[in-house]
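Below you'll find the structure, written out as structure tokens, and then a few comments.
The values are calculated or read from the model by the stated rules, or taken from the named source; none is laboratory data. Since we're looking at a predicted model, the values are computed, not measured. Heads up, the Cβs are rebuilt from the backbone with ideal geometry, glycines too, and the neighbour counts pull from every protein chain shown.
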Amino acid sequence: MASGLFSGSSSRSSKRNGALADISIEDQLSELRSDMAALAALLADRGADASKQARNKAHDAREQAEAGLQDLLATGEELLGDLRSRYAGTEKQLRNAVREHPFATLGTAALIGLVAAALLRR
């Protein structure tokens with residue numbers, strides 16, 4: 001087996017012709033367990049860091065989305081206000097035109113109805 005991956009305890013083992021010598025299996029297993037524990041701790045720390053970074057990015061994205069939504073709502077309210085004022089002005093003009101020219105209004109409405117009926121028949 002290999003000597004300590006993280007512990008640096010390679011002084012406990014001596015290599016002779018590429019093979020480990022004079023280290024019992026229990027010592028090697030103990031060393032391997034400590035190395036695995038160190039690796040697990042390292043992975044846990046990195047996982048916690050990655051999780052924290054992901055949470056921070058998600059929080060920033062949410063804040064940007066909320067700000068964009070507020071801007072969109074404000075713009076929509078302005079457009080709705082403009083449309084209401086234009087509609088009110090057009091409605092007043094239409095009522096005045098109907099009052100001033102009632103026969104012309106009826107003729108125009110009849111003509112539009114005939115055109116619509118002709119188009120729908122096709």
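Quick notes on this one:
- L119 being among the aliphatic types (A, V, I, L, M), loosely packed, with under 10 Cβ neighbours inside 10 Å, at pLDDT below 95 and at negative phi: yes
- The residue of segment 3-49 that is modelled with the lowest pLDDT, among those that are aliphatic (A, V, I, L, M) and outside any helix (DSSP H, G or I), is L5.
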